């Protein structure tokens, strides 16, 4: 059984950027481009309320926490500078750790680990680039950079955390 | 002036006309770009930090270390790269604990983050490092009569405590840079809107949200009689430019051409459209180019 609240975990994870007291004024939701279009599905004010009221465990498997696009408008408007995007980022990490996450990393993540780029460089792209006088892009970043990326991924246990390798 | 050129992922592959435009206007303004094959994707928040914060910081920090080794400041052409690299740099500079943790990871690849390189965007270089007065002197072909709608996007100006460029509520830099070209920077409601391009591309935000936002932006610019929307980020361009085809069938609204700021400036500097990749934009720019010529 979990004895530590999500609020405590997030506060600890964020170090000095503590989860400040939210007044529930709603400026964040009022200026959130996503909440303006799909208010029933995403509302940053409501998300912070859930954390402070400790409705926490349910949140980890809720798709709502994955809808923020990190535009940072809420942070700029918040009278208390509650770092909502950063908090959501931490909750996503906890969600991944819990093994209960509804969100799988996109194929772009695998591309980045394999080639250093999130998108494949097709032969046509090289031809098009060449036709307007741009230097070749190559399929991957340098061999050294690729080795370094792989080493970092290995050291942080990224694939294990994502469940791509045994825990 | 010399910078390590951080091209990012989307621009060189899907928006390569922008790369041409950036290279050619900077060459005209005597700025040197150094191509660096060791830079990878910047490891943005939606892709890496969201799944594992430490992995995200370490991958982004590796790119910062590459620039430090070359003793060059980074110049990005993507606002999302700009924001992500700037944010990681600030986090590492301000938190000794995080810096130590990340440097332990980086020590396995013989790297160390020191923090002596700055992160810039082509727009911040134009505004801060070159300056509007110098640019004004270089303009040979003022774009008189062109009504340009500046679209700031998100990551050129936010989060403000990280970026420290412009004003996040009432930004003005892009307007000033547009006016230097001789074009008129017009007011419209969605000037500081969000296109959700990177959120839709990297994250979990659906197409429905993206096209609703797109429609708002285009309609607002159209209402203000804009000849073009001027962007500074490949995600904004990709979203607004390609996205207009998706909504064109449902909406009886004429498409608005999307230009990068560097395209607009390039034309004012007397460069030809094919030196700027301008004709590679999806919405037809021919009427706009005709208007500029006349």
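The values are calculated or read from the model by the stated rules, or taken from the named source; none is laboratory data. Since we're looking at a predicted model, the values are computed, not measured. FYI the Cβ positions are ideal-geometry reconstructions off the backbone, even for glycines, and counts take in every protein chain you see.
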* **Which listed residue is buried (at least 19 other Cβ atoms within 10 Å of the Cβ) and touching a strand residue (DSSP E or B) at 6+ places or on another chain (Cβ under 7 Å), from B:89, B:7** => B:89
* **Where residue B:132 falls short, out of the listed (1) closer than 28 Å to residue B:272 by Cβ; (2) out of contact with any helix residue (DSSP H, G or I) (no Cβ under 6 Å at 6 or more places or on another chain)** => (2)
* What single numbered condition from (1) touching a helix residue (DSSP H, G or I) at 6+ places or on another chain (Cβ under 7 Å); (2) within 8 Å of chain B (Cβ to nearest Cβ); (3) without any contact (Cβ under 8 Å) to a residue 24 or more places away in the chain fails to hold for residue A:136? -> (2)
* To do: Tally the residues that are more than 7 Å from chain B (Cβ to nearest Cβ), part of a loop (DSSP other than H, G, I, E, B) and touching a residue at least 12 places away in the same chain (Cβ under 8 Å), restricting the search to the range A:107-130.
  => 1
* Structure fact -> Conditions (1) in contact with a strand residue (DSSP E or B) (Cβ under 6 Å, 6 or more places away or on another chain); (2) surrounded by fewer than 20 Cβ atoms within 10 Å (Cβ to Cβ) -> residue B:188 fails only (2)
* **Selected residue [more than 14 Å from every other protein chain (Cβ to nearest Cβ) and at pLDDT below 95] from B:176, B:293, B:216** => B:293
* To do: Sort out for me the helices (runs of 4 or more DSSP H) sitting completely within the range A:50-106 that have 1 or more residues that are modelled with pLDDT under 90.
  => A:56-59, A:84-98
* Could you list, in sequence order, all residues of the range A:70-106 that are in contact (Cβ under 8 Å) with a residue 60 or more places away in the chain and either on the phi < 0 side of the Ramachandran plot or at the interface with chain B (Cβ under 7 Å from one of its Cβ atoms) (or both)? => A:80, A:82, A:83, A:86, A:87, A:90, A:91, A:93, A:94, A:96, A:97
